Amino acid sequence: MLVISSATKTAIIALQTQQVTQFCEIEADCKQSEKMMQEIDQILTKNDISLEDVGNFGLVIGPGSFTGLRIGAALIKGFCAGLPKKKVVPIPTLDLMAAQVIKDYHPKSKFTCYMKAQSGLFYGATYDKTANKIVDEHLLSAADVLKGSERKFCLAEEGFLPYIISIQPQTLLEVANKAEKEGNLIAAKDIVIKYIRRSAAEEN
């Protein structure tokens with residue numbers, strides 16, 4: 001499987017075949033599609049494999065960077081255009097964060113993951129102690145984020161809460177593999193990005 005996360009400032013590429021597992025992190029603010037394509041090409045070339053060899057694809061579908069999400073979706077759709085039998089595992093960003101919370105903190109009760117959403121707003125979703133989502137992704141104000149007694153987590157790169165996590169490439173691959181085993185696969189044409197809110201350009 002080849003999995004791409006381009007929703008946050010640190011883009012992640014995870015590759016796993018029967019012969020090799022390899023990861024790559026790109027500090028490119030998710031704006032350099034050429035760099036992501038180059039890294040994927042280098043990983044494939046280094047390991048002497050082609051896209052036909054990697055099985056299905058995984059894609060983090062948001063919320064997150066508008067530019068980054070579009071880049072990731074375009075790459076995966078482009079790959080699938082030439083490989084129509086391949087399917088895609090869609091991975092919500094906050095679900096991925098929740099999986100990292102489980103690994104890092106082993107919570108004993110429900111918790112909420114948050115991301116910045118521009119203009120003083122935040123994305124949030126609440127999970128039980130096993131990372132099952134119990135409140136879907138939604139927009140909140142800063143005041144709303146502070147409500148409630150459950151533990152609250154954000155990305156280390158944003159750092160606006162006491163509890164922070166950094167999404168690890170291994171976690172991305174594990175979440176994708178689990179979803180694939182559970183049959184959570186779609187055709188590339190059915191990819192729907194979780195923007196939650198419109199881009200700044202659209203709102204202006």
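The values are calculated or read from the model by the stated rules, or taken from the named source; none is laboratory data. Because the structure is a prediction, the values reported are computed rather than measured. Quick reminder, even Gly has a Cβ in these numbers, built from the backbone with ideal geometry, and neighbours come from all protein chains shown. For the accessible areas, the whole protein counts, side chains as well, though only heavy atoms, and no ligand, DNA or RNA atoms are used. Shrake-Rupley method; radii C 1.70, N 1.55, O 1.52, S 1.80 Å.
Anything in segment 50-71 that is part of a loop (DSSP other than H, G, I, E, B) and open to solvent by 10 Å² or more (accessible area, probe 1.4 Å)? List them, or say none. Spell out the reasoning first.
First pass over segment 50-71, keeping only residues part of a loop (DSSP other than H, G, I, E, B): 50, 54-56, 63-65.
Scanning segment 50-71 gives SER50, GLY55, ASN56, GLY64, SER65.
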Meets criteria (closer than 28 Å to LEU161 by Cα and touching a residue at least 60 places away in the same chain (Cβ under 8 Å)) for GLY64 = no
Output the number of the condition that GLN118 fails; it satisfies all remaining conditions of (1) in a loop (DSSP other than H, G, I, E, B); (2) at pLDDT 95 or above; (3) within 18 Å of GLY68 (Cβ to Cβ).
-> (2)
Could you say which residue among ALA81, ALA74, ALA99 is open to solvent by 60 Å² or more (accessible area, probe 1.4 Å), at negative phi, within 15 Å of the chain's Cα centre (by Cα) and touching a residue at least 40 places away in the same chain (Cβ under 8 Å)?
-> ALA74
Looking at this structure, is LYS110 open to solvent by 50 Å² or more (accessible area, probe 1.4 Å) and in contact (Cβ under 8 Å) with a residue 60 or more places away in the chain?
-> no
When both residues are 6+ apart or on different chains and their Cβ atoms are under 9 Å apart, which pairs have a first residue that lies in segment 156-173 and is among the charged types (D, E, K, R), and a second that is at pLDDT 95 or above?
-> GLU157/ILE164; GLU157/SER166; GLU158/TYR114; GLU158/MET115; GLU158/LYS116; GLU158/ILE164
Matching residues in segment 139-155 - criterion: being surrounded by fewer than 13 Cβ atoms within 10 Å (Cβ to Cβ) and in contact (Cβ under 8 Å) with a residue 40 or more places away in the chain | none
Among the residues of segment 136-161, the number that are within 20 Å of LYS9 (Cβ to Cβ), in a loop (DSSP other than H, G, I, E, B) and in contact with a Phe, Trp or Tyr (Cβ under 9 Å, 6 or more places away or on another chain) is 3
Residues satisfying the stated conditions in segment 102-115, i.e. over 18 Å from the mean Cα position of the chain (by Cα) and either part of a helix (DSSP H, G or I) or charged (D, E, K, R) (or both) | TYR105, LYS108, LYS110
Kindly indicate whether SER5 is out of contact with any Asp or Glu (no Cβ under 9 Å at 6 or more places or on another chain), open to solvent by less than 70 Å² (accessible area, probe 1.4 Å) and without any contact (Cβ under 8 Å) to a residue 40 or more places away in the chain.
-> no
